[in-house]
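Just so you know, all these numbers are worked out from the coordinates, no wet-lab data involved. In this text the structure is predicted, and so the values were computed from the model without any measurement. FYI the Cβ positions are ideal-geometry reconstructions off the backbone, even for glycines, and counts take in every protein chain you see.
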Amino acid sequence: MSEVFKTTFAGRDISVKTNYLAGQADGSAVVTYGDTVVLVTAVSLKTKREGLDFLPLTVDYQEKTFAAGKIPGGFFKREGRLNEKEILTSRIIDRSIRPLFPEGYFYEIQVIATVLSVDDENDSDVAAMLGTSVALGISDIPFKGPIAGVRVGRLGEKLICNPSAEEMGESDLDLFLVGRKVPSADGKRDFDVNLIMLEGGAREIPEDEILNAISFGLESMRPSIELQDNICQAVGKTKREFELIEIKDELRKEVKDIAYAGLKDAYLEGRKLERYAKIGEIKKKMVEELSSTDTGLDPQAKTVFEELEREILRNMILKDKRRIDGRSSRDIRTITSEVGILPRTHGSGLFTRGETQALVALTLGTSSDEQRLDFIDGEEMRTFMLHYNFPPFSVGEARFLRGPGRREIGHGALARRALLPILPSHEEFPYTIRLVSEVLSSNGSSSMATVCGGCLALMDGGVPVKDTVAGIAMGLLKEGDEVVILSDILGDEDHAGDMDFKVCGTKKGITALQMDIKVDRLAEDILKDALYQAREGREFIVGKLNETMTTPREDLSAYAPRITTMTVKQEKIRDVIGTGGKNIRHIISETGVSMNVDDDGTVTIASNDAQASERAVAMVKALTEEPEIGRIYEGTVKKVLDFGAFVEILPGTDGLVHISQLDNKRVDKVTDVLNEGDTVRVKVLEIDRSGKIRLSRKDALE
């Protein structure tokens, strides 16, 4: 029997219906937030695949077009692969719930969030996060919830929880936070809400204001978490028991005896490939001594080995105060950067930080190159694209090249969000901008290298950016009261740490940030210290970038299109285009330019040839120009009558030269002066209310 649970969330009613749809799932919930409806299901297999030693979790957030009363485009007329927004939301849910399953639970889990109805006021991402927590919470799947998600915006100085689409359009802040219920630290409240995931962008907002927004968002989650407590108490199932393979002390001792000394020595090697080679030799030795086959380590031995690696690295940082490459906690690896290294691209930047290297290329296009994105809540025409590629050679691997995965999509979206606030408006710079980041080598935070290289490529290409943006990846290790915040983390430090957060921005403030927190409780003062240490590192990197380039080039690349914009009256658009596109095709074929006409009358002309652009502009003006009284035109005689001649002074615009206005002396026959096809100079004498034009050849002669 289905039950409905309700509360007020961000000033609006939200309800959760359980045991209503998808009855064969382990857990399901239908969340209704205004007219936004999301179904979330959770299923975990009860048998484990042989040899599995990790959590096989998949999360899919999908938006059905019928939710917005739309039919999909394309030939098949049905939903296909997930779009960018769906992938990013799937990643947000995945990153939030992945750390909350018990250690050693290796049974396949699938979470599917399906948007069934959507409005423009209530955020489907928020509803999907709530539904995910409820579906897992009421199921028998082990899960350390409840959790909740909120989106925080800001209008002026006012913070808004779960803003509408209209409010988000005006907001200078877009933070999506996920928090988890934990016991109260001081006992004054029933529970506290601990931050576990954060993703967002801002328009150069200082750290203190970001911290205020985080505190506001966490406090706003309380009604959602209280609602889930009521739901789980009423309909929650007993959590299933599962086989947790206990590792024998004898095996732990054997692994430690074989590997400990070698691993400790390996982690003194600063270079990644040399370090991995040493670790590989230790693994090979373990296979020889602990296994009767050469197929690899026993899963239990592998688990102990990885635990030992993590323990050694954490002790080295927390107790010995030494990092893998010998840096202090605040030191940033050696940075070098170059611009203009690709002669035919419109701009390029090469950014190297330690063993991480990204080459970013800029391409400038016209409005016809804009990316059209069709989401269920509306269409977006994107004039700035950033695509991130992570080829296998960047980490010393050899495998098939595939299309971009969720990681690549997510890293590209983060870098795009970081650079967006410094770009000029489309009115100031009417180009479509595409950045492509090719990660050539990776050992920690290639997404932040993409931000830095992308900023250099924009400046190298002459894009009038407002400031310099840099990004830095930070880490945190916490054991009891011992806390170490790490600047510019390596891949191994990320793997062994308790928090991974990336912060991008200018010297003025933050433009993008992303956090994943693995500890149960993170004090606000630690988060504050981390953000301020990130600012210190970010400002250092900005200084390094400015040593290479401080301001954008004054001129665009010789190979970039030159764009000229002009505006014609909307009623003249059809004159520019012509019947069946005749006129615009003629201009393009005659001049070789690229040309686009928008519905508001904006005409965009792009060409590498300045003279060709000028000719095209003149042709557009000729098609749209309106006659002026008193002005002299050179026209063509179109028709001769007894009383005068009709002369075309502008394309499609004729006027009458009366016989009395042909000459200073008397004219008996019009054909004595003019014949069809003649070119003649005439002056506009009058334009009446009906638009008829009276011309004079006589006045033009004077």
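Database remark: amide H of Ser117 closer than 5 angstrom to the amide H of Val37 (H placed geometrically; neighbours at sequence offset of 5 or more, or on other chains; Pro and chain starts carry no H).
Suppose R0 equals 41 Å; then what is the FRET efficiency for Leu701 and Glu626 from their Cβ-Cβ distance, rounded to the nearest 0.05? After rounding to 0.05, the efficiency reads 0.95. Simple point charges give the picture: +1 on the Cβ of Lys and Arg, -1 on the Cβ of Asp and Glu, and for the chain a dipole about the Cα centre of about 820 debye. The H on the amide N of Asp663, modeled in the peptide plane, is under 5 Å from the matching H of Lys698, each at least 5 residues off or on a different chain. For segment 127-144, putting each phi into the Karplus relation 6.51 cos²θ - 1.76 cosθ + 1.60 with θ = phi - 60° gives couplings of 5, 5, 5, 4, x, 4, 5, 5, 4, 6, x, 8, 7, 8, 6, x, 7, 8 Hz, in residue order, rounded to whole numbers and with x for Gly and Pro.
Annotation: peptides 420-430, 254-264, 75-85, 339-349, ranked by per-residue average of other Cβ atoms within 10 Å with the highest first, follow the order 339-349, 254-264, 420-430, 75-85. In the list (i) 1.06; (ii) 1.03; (iii) 1.12, the label attached to Rg/Rh (Cα atoms, Kirkwood Rh) as derived from the coordinates here is (iii).
Projecting the alpha carbon convex hull of segment 249-318 along each direction and taking the average yields 4.7 nm². Rounded to whole numbers, the Karplus 3J(HN,Hα) couplings from phi for segment 34-43 are x, 9, 8, 10, 10, 9, 10, 10, 9, 9 Hz, using 6.51 cos²θ - 1.76 cosθ + 1.60 with θ = phi - 60°, and x at Gly and Pro. Our helix-only sum for the chain, with -39,500 (n - 2.57) per DSSP H run of n ≥ 4 divided by its residues, gives a mean residue ellipticity at 222 nm of -10000 deg cm²/dmol.
The modelled label-to-label distance between Ala618 and Glu686, using points 7 Å beyond Cα along the C-beta direction, is 3.4 nm.
With neighbours defined as other Cβ atoms within 10 Å of a residue's Cβ, the residues Glu686, Glu108 order from fewest to most as Glu686, Glu108. Looking at the chain alone, DSSP beta bridges between its own residues are antiparallel in about 90 percent of cases. Within the same chain, aspartates and glutamates fewer than 8 places from Lys621 are excluded, and of the rest, those with a Cα less than 13 Å from its Cα are Asp575.
Remark: the Phe75-Asp229 segment gains 50.8 nm on full extension, using 0.36 nm per residue and subtracting the alpha carbon distance. Can you work out the FRET efficiency for the pair Arg271 and Ser328, with r the C-beta to C-beta distance and R0 = 22 Å, to the nearest 0.05? Step by step, r from the Cβ atoms, then E = 0.75.
Of Lys466/Lys544; Lys253/Lys321; Lys17/Lys239; Lys48/Lys478; Lys272/Lys502; Lys48/Lys518, which ones are farther than 23 Å apart at the Cα? Beyond 23 Å: Lys253/Lys321; Lys48/Lys478; Lys48/Lys518. When Leu55, Leu490, Leu313 are sorted by how many other C-beta atoms sit within 10 angstrom of their C-beta, beginning with the fewest, the order is Leu55, Leu313, Leu490.
Each label point was placed 7 Å from the Cα along the Cα-to-Cβ direction; for Glu397 and Tyr260 their separation is 3.2 nm. In the chain, the longest principal axis of the Cα atoms and the axis of helix 299-318 are about 80 degrees apart. Extension gain, Glu524-Arg553: 0.36 nm per intervening residue step, less the Cα-Cα distance, totals 6.2 nm. Peptides 664-672, 481-489 ranked from most to least packed, by the mean per-residue count of other Cβ atoms within 10 Å: 481-489, 664-672.
Scanning residues 5 or more positions from Asp498 or on other chains, those with amide H under 5 Å from its amide H are Leu476, Leu477, Lys478, with H placed 1.01 Å from N in the peptide plane. Residues Ile205, Ile71, arranged from fewest to most other Cβ atoms within 10 angstrom of their Cβ, appear as Ile71, Ile205. FRET efficiency for Thr567 and Glu250, Cβ-Cβ distance as r, R0 = 56 Å, nearest 0.05? Efficiency computed from Cβ-Cβ geometry: 0.10.
Our estimate of slack between Gln24 and Gln62, defined as 0.36 nm per intervening residue step minus the Cα-Cα distance, is 11.7 nm. Measuring between their Cα centroids, segment 515-532 and segment 620-655 lie 74 Å from each other. Couplings 3J(HN,Hα) of segment 653-661, computed from phi: 10, 10, x, 9, 9, 5, 4, 6, 9 Hz, in residue order, whole Hz [Karplus 6.51 cos²θ - 1.76 cosθ + 1.60, θ = phi - 60°; x for Gly and Pro].
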